[in-house]
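Take a look at the structure below.
The values are calculated or read from the model by the stated rules, or taken from the named source; none is laboratory data. Everything numeric here is computed off the predicted structure, so don't read it as measured data. Note: ideal-geometry Cβ built from the backbone for every residue, glycine included; neighbour counts use all protein chains shown.
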């Protein structure tokens with residue numbers, strides 16, 4: 001039996017699915033380390049756990065180390081340490097190094113996590129990406145803006161997704177931003193050129209430095225545009241034709257980017273742009289499963305349990321590469337208008353009647369609930385079909401038909 005420790009600070013739905021994937025593997029005893037409560041673990045998953053340890057802070061390396069040692073006293077040596085949260089990746093690498101546990105080390109984890117360092121490695125490797133400046137004082141930002149012009153994008157150097165990301169369109173906006181968020185040596189801010197183009201993702205699974213599977217998607221529109229416009233309902237499309245020659249360049253570039261950052265075995269999530277001239281620009285890469293329902297629709301498109309496949313990959317270094325049998329997509333339902341509660345939802349019955357054969361999962365907003373305030377919105381509908389154009393048309397139909405009113 002292999003003893004595996006899984007660190008999950010809190011129990012989101014997707015997190016529980018990945019925990020279950022690991023706990024369900026034959027030959028695995030799973031220890032769960034968290035700051036959340038055991039009662040929040042579904043009973044069927046709770047029964048699969050070999051060990052549970054609640055700590056005060058599941059983002060603290062020392063507390064995680066102590067919990068892993070306690071698990072080892074109970075189960076025997078822990079040979080794998082897992083976690084899906086972006087904020088955990090460097091911390092887990094540090095604990096692995098301290099306890100001599102196999103897996104991604106501190107150098108690679110930092111390469112994937114620290115955005116400025118990531119961009120420096122990518123550019124040094126000849127991989128196209130946005131020009132950037134990790135600023136520690138305002139003069140650096142102003143000089144960078146003078147050099148490349150506007151718009152700029154400001155983001156935390158170790159952020160996840162689009163959290164705290166801001167588009168800056170001119171000098172007045174930059175001055176206002178710096179007045180509110182002054183960069184310092186202790187708290188630097190990453191500024192990048194704004195890349196114009198269509199935004200995509202590229203997911204890949206790796207075993208001992210070899211890419212053994214890949215997938216890709218397209219955002220409609222980009223998450224940054226969604227954050228700027230709370231009324232926008234948006235989509236992710238997974239085309240079925242990922243081996244089309246149109247994607248030859250990103251397959252080569254994504255593979256080179258992952259190797260440059262130090263991937264060995266794991267699942268990575270890369271965001272990239274197709275510029276108006278057809279060229280590619282890499283935005284960033286994360287050494288973790290994707291979020292935003294992207295993991296779910298990837299599983300639906302390939303008709304396999306991606307959570308268990310990820311766990312098997314991470315624990316045993318094994319994967320039976322699935323074939324992409326369908327196109328798939330996610331439409332995110334967002335509340336519109338002013339108000340602090342959802343007052344009405346329109347168009348759901350029409351969509352269910354017309355698209356029922358395509359719908360594989362849906363979660364609708366609840367009347368009376370407050371708006372989420374996130375770019376994922378208050379609900380979603382997941383679709384799949386063998387023909388990409390059918391899924392794309394259905395996604396557009398959803399976001400132009402369903403309307404959620406605030407009041």
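Say we look at the stretch 294-340 and pick out the residues that are surrounded by 14 or more Cβ atoms within 10 Å (Cβ to Cβ) and farther than 30 Å from residue 267 by Cα; which of these is nearest to the chain's Cα centre (by Cα)?
Within the stretch 294-340, the match that is nearest to the chain's Cα centre (by Cα) is 335.
Check whether at least one residue in the stretch 168-179 is assigned to a loop (DSSP other than H, G, I, E, B) and either at pLDDT 95 or above or surrounded by 14 or more Cβ atoms within 10 Å (Cβ to Cβ) (or both), and report yes or no.
no
Here are 245, 239, 221, 289: which of them is surrounded by fewer than 17 Cβ atoms within 10 Å (Cβ to Cβ) and either over 30 Å from residue 342 (Cα atoms) or at pLDDT 95 or above (or both)?
Sole residue among the options that is surrounded by fewer than 17 Cβ atoms within 10 Å (Cβ to Cβ) and either over 30 Å from residue 342 (Cα atoms) or at pLDDT 95 or above (or both): 245.
Take the conditions touching a helix residue (DSSP H, G or I) at 6+ places or on another chain (Cβ under 7 Å), part of a helix (DSSP H, G or I) and surrounded by fewer than 18 Cβ atoms within 10 Å (Cβ to Cβ) and apply them to residue 45. Does it pass?
yes
Which residues, counting only those in the stretch 120-137, are free of Cβ contacts under 8 Å to residues at least 60 places away in the same chain and crowded, with 18+ Cβ neighbours inside 10 Å?
Result: 133, 134, 135.
Being under 25 Å from residue 294 (Cβ atoms) and either assigned by TED's automatic domain parsing to the domain that holds residue 295 or crowded, with 19+ Cβ neighbours inside 10 Å (or both): is that true of residue 31 here?
Taking the combined requirement at face value, the residue does not satisfy it.
Could you pull out every one of the helices (runs of 4 or more DSSP H) wholly within the stretch 98-148 that has 2 or more residues that are outside the structural domain of residue 271 (by TED's automatic domain parsing) and under 25 Å from the mean Cα position of the chain (by Cα)?
Output list reads 106-113, 115-124.
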